[in-house]
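Student: If you scroll down you'll find the structure; I have some questions about it.
The values are calculated or read from the model by the stated rules, or taken from the named source; none is laboratory data. Not measured: the values here are computed from a predicted model. Here the Cβ is made from the backbone with ideal geometry for all residues, glycine too, and neighbour counts use every protein chain on show.
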Amino acid sequence: MSRPPNRRIVLGVAGGIAAYKAADLVRRLRDRDFEVRVVMTAGAREFVGPLTFQALSSNPVHCELLDEQAEAGMGHIELARWADLVLVAPATAHVMARLAHGLADDLLTTLCLATTAPLVVAPAMNQQMWQANATQANVLTLLDRGVQVLGPGEGDQACGEIGPGRMLEPEEIADRIEARFRGGALTGVDVVVTAGPTREALDPVRFLTNHSTGKMGYAVACAAAQAGARVSLVSGPTALPAPPDVDRVEVTSAEEMHAEVMARAARCDIFIAAAAVADYRPAGIAEQKIKKSDGPAALDLVRTPDIVAAVAAMDNGPFTVGFAAETQSVQTHARDKLERKGLDMIAANRVGLPDRGFASESNALSVLWRDGGCRELALAPKAELARDLIGLVAERYRAEHPA
Ligand code: PMT
């Protein structure tokens, strides 16, 4: 029977005890009609023999980068081109570090650099190694580049410790790969996202702003693009590079952000307001630098346009998702904002804590929607959380706009 096209997976197996589970993973992927070619690191071969993978995948197993015979058949460039997706499972701390730093010192890491196919990793390691700052920094680097990180799970480990670091079960990995191939939840949908702070000028050298870095909004834009949406990102000043496959429009002030969003809102299906927009701006911008004088100074401030409320008030406007930054009574204030601004959904986060909200690498969200529904998204790296949020937005959007 001929296999459907575009279902070719290179499975990279790295050297950890979970390598034995990769054998089962090959079987589960083939059950789902994927063609699988296995690449093993030297470490992986200490745990499981290539013959096992050859028998299960019905394809030769690839092990060496500099192997005359292999290069004459399917070498690293051919493998990189052949793959519709590269899955590394188990991905050890060492392999993830090499991927994060762009090393190419064996067949697996070289083909990961040489491929244009999406990369998915399923980490497996000791819980302390997973939680080490170096590993977490590498995970964030990979997530920022659009690599999908599946797991790890938590529980008893082969080393006798308990905690996060177990490779997900082969069945779950295969299901999530299958879901990815089935098509993005937002394929064909136009999404506009705002991110970052705004700057409200006082004079030629000073402005009012806030602590937003844009990390949350950029992660949301990236996740929407990965889910198949066409994404415009209207961004205040940040130090972040534009995410892949996202059309970034850079603005400075709330008024500029308002203008750019309103120019796009009528043509988009979903609007997500993750920016920390200034609520007030100075009534006027001094032409010259304001000189200090003795005694207190007073600022005359006026309201900025409420961008998300303006979009939500449009006739036939997009499905509108606001964010809420709260220091207390998160859900109560968020529901109040949802209703007051006429939103379809709101994602509320605590601010003022080191591990969430402004500038942190991680966040947690209480997501509320109009008919009284609510879902808690637990503390996680912003990229991962953004993917869950986009999943939820897609679910609610599809419920209101059945195909
Ligand atoms: O950028 P990071 O460092 O990663 O931090 C992320 C974040 C904390 C900025 C983000 O998760 C977040 O909470 N963004 C919303 C911040 C905010 O301004 O919240 P708010 O509760 O003040 O505003 C409510 C909603 O109204 C937001 O969707 C906001 O974008 C929108 N708004 C506010 C004022 C205004 N003039 N126009 C708006 O559209």
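Student: Assess whether Gly151 counts as being without any contact (Cβ under 8 Å) to a residue 12 or more places away in the chain and either outside the structural domain of Lys215 (by TED's automatic domain parsing) or within 16 Å of the ligand (Cβ to nearest atom) (or both). Give the derivation first.
Tutor: Numbers: without any contact (Cβ under 8 Å) to a residue 12 or more places away in the chain: no; either outside the structural domain of Lys215 (by TED's automatic domain parsing) or within 16 Å of the ligand (Cβ to nearest atom) (or both): yes.
No: the conditions fail for Gly151.
Student: Considering only residues that are farther than 12 Å from Thr304 by Cα, out of contact with any helix residue (DSSP H, G or I) (no Cβ under 9 Å at 6 or more places or on another chain) and in contact (Cβ under 8 Å) with a residue 24 or more places away in the chain, look in the stretch 253-267 and name the one that is nearest to the ligand (Cβ to nearest atom).
Tutor: Ranking the qualifying residues of the stretch 253-267, first place goes to Glu260.
Student: Between a first residue in the stretch 59-70 that is modelled with pLDDT under 75 and a second residue that is assigned to a loop (DSSP other than H, G, I, E, B), which pairs have beta carbons less than 8 Å apart while being 6 or more apart in sequence or on different chains?
Tutor: Ala70/Cys63; Ala70/Glu64
Student: Still on this structure, please answer the following. Of the residues Gly391, Gly342, only one is under 26 Å from Asn210 (Cα atoms) and either surrounded by 13 or more Cβ atoms within 10 Å (Cβ to Cβ) or within 13 Å of the ligand (Cβ to nearest atom) (or both); which?
Tutor: Within the list Gly391, Gly342, the selection yields Gly342.
Student: OK, next. When the stretch 125-151 is examined, which residues are found to be modelled with pLDDT of 90 or more and not in a helix (DSSP H, G or I)? First the steps, then the outcome.
Tutor: To start, the set of residues in the stretch 125-151 that are modelled with pLDDT of 90 or more comprises 125-139, 141-142.
Once the filter is applied, which keeps residues that are modelled with pLDDT of 90 or more and not in a helix (DSSP H, G or I), the stretch 125-151 yields Met125, Asn126, Ala132.
Student: Need pairs with beta-carbon distance below 6 Å; first residue in the same structural domain as Pro243 (by TED's automatic domain parsing) and charged (D, E, K, R) and within the stretch 380-395, second at pLDDT 90 or above and not in a helix (DSSP H, G or I); sequence gap 6+ or separate chains.
Tutor: From residues that are in the same structural domain as Pro243 (by TED's automatic domain parsing) and charged (D, E, K, R), the pairs are Lys382/Asn363; Asp388/Leu377.
Student: Exactly one of these conditions fails for Lys215: (1) within 13 Å of the ligand (Cβ to nearest atom); (2) among the basic types (Lys, Arg); (3) assigned by TED's automatic domain parsing to the domain that holds Ala23. Give me its number.
Tutor: Of the numbered conditions (1) within 13 Å of the ligand (Cβ to nearest atom); (2) among the basic types (Lys, Arg); (3) assigned by TED's automatic domain parsing to the domain that holds Ala23, the odd one out for Lys215 is (3).
Student: While we're here: Determine whether the stretch 60-83 contains at least one residue that is on the phi < 0 side of the Ramachandran plot, acidic (Asp, Glu), assigned by TED's automatic domain parsing to the domain that holds Gln131 and assigned to a strand (DSSP E or B).
Tutor: no
Student: With more than 16 Å from the ligand (Cβ to nearest atom) and modelled with pLDDT under 90 as the only criterion, which of Gly165, Gly160 stands out?
Tutor: Only one candidate qualifies: Gly160.
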